[in-house]
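Some notes on the structure that comes next.
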Amino acid sequence: MPYGQIVVGPPGSGKTTYCAGMAQLLTALGRDVAVINMDPANDILPYTCNIDISDLISVEDVMSHLHLGPNGGLVYCMEYLEKNIEWLKDKLVTLKDKYLIFDFPGQVELYTHHNSVRNVLEKLTSWDIRLTAVHLVDSHYCSDPGKFVAILLTSLTTMLQLSLPHVNVLSKADLIEQHGKLAFSPDFYTDVLDLQYLLGLLQDDPFLQKYKKLNESLVGIIEDYSLVSFCPLSVEDKDSMMRVMKAVDKSNGYVFGSVGDQSLEALMSCAVGAEFEYDKIKNVREKYMDQPQAEEMEENG
């Protein structure tokens, strides 16, 4: 039974770079990896592509023949893939027993309310491929309360729409303070702690005061579901890549082996491998944050 990752997220969040880095890591660990490019607009690939959707359809052709813009072209391409899903099935048959990494486009509406990608994923799971969605968002949005609420909503909506095991990732953790200092400790953002504190910051902004009730409702929705948390990631940092890999392996069941290999020993081994929350964020504190500020956050709890 094959296992794999569905890599999604907004444009520029580092999906293709992540796919290349994860493929290299898994290959170094001895896994037989295949990367599938599902983005018909991605013509520069930093990895060896085993299946390329551009062999079926390209955004340039769609835009030229149907006079659509880039967004409309991507939506059409996903709908075309859905209608021609047997093409993908035939290609995947040649990758038997490989670990699959699917690099999807960065158009947000494909994962929040359009159904074609979800229908394609349902087909993949019906072929007994054990998948986890890896949703990447830029970590520097943590420095802006309004943008952080936005990525929380995007992540939550994507989780509900795709209906797959899910690992949310704060990518480019090395740039987490590129556009401003964090108001709270990193674990506030990775664990999505009490958002009422964040709501206070939103209400302090004169421009956002008139949206007080809206912000309260949005924060209330996120807290009511209580589904979103994040793993920080810097692709160039092996430790953070390993941490994301372990989270994905637990999520899609790879860590437990095939159905015939599952045992109490495997389950206990997974439980023993659990890490403390501080281990998840310590590299962000030590490597990528201004140290006096990080120490002050820790002292203030």
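The values are calculated or read from the model by the stated rules, or taken from the named source; none is laboratory data. Just so we're clear, the structure is a prediction, and the values are computed from it rather than from any experiment. Cβ placement follows ideal geometry from the backbone for every residue including glycine, while neighbour counts extend to all protein chains displayed. Please note that ligands, DNA and RNA were not included when accessible areas were found on the heavy atoms of the full protein model with its side chains. Shrake-Rupley method; radii C 1.70, N 1.55, O 1.52, S 1.80 Å.
A few points about this structure:
- Considering all C-alpha pairs of the chain, those separated by over 23 Å amount to 58%.
- Of the accessible area of the chain, computed with a 1.4 Å probe over protein heavy atoms only, carbon and sulfur atoms account for 51 percent.
- Residue 114 - accessible surface, heavy atoms, 1.4 Å probe, Å² rounded to 10: 40
- Fully extended contour minus Cα-Cα distance, from residue 128 to residue 87, at 0.36 nm per residue: 13.1 nm
- For a modelled paramagnetic label at residue 221, 7 Å from Cα along Cα-to-Cβ, no residue of the range 186-204 is in reach, as no backbone nitrogen comes under 16 Å.
- Degrees, to the nearest 10: 116-126 long Cα axis against longest axis of the chain: 70
- For the pair the range 226-248 / the range 138-200, the C-alpha centres are spaced 13 Å from each other.
- Think of the chain as having a plus end and a minus end, set by charges on the Cβ of Lys, Arg, Asp and Glu; of 5, 120, 47, 120 sits farthest toward the positive end of this dipole.
- Entry comment: accessible area of the range 3-96 is 47 Å² per residue, from protein heavy atoms only and a probe of 1.4 Å.
- For residue 132, nonlocal amide neighbours, meaning residues 5 or more places apart or on other chains whose placed amide H falls under 5 Å from its own, are 4, 5, 6.
- Near the amide H of residue 168, within less than 5 Å, lie the amide hydrogens of 135, 229, 231, all on another chain or at least 5 residues away, with H placed in the peptide plane.
- Projected label distance in nm at residue 66 and residue 201, using a 7 Å step from Cα toward the beta-carbon: 4.1
- Stretchable slack from residue 212 to residue 44, in nm (0.36 nm times residue separation minus alpha-carbon distance): 56.1 nm
- Unsatisfied cross-links (Cα-Cα over 26 Å) in the set 96/246; 181/212; 147/246; 172/213: 147/246; 172/213
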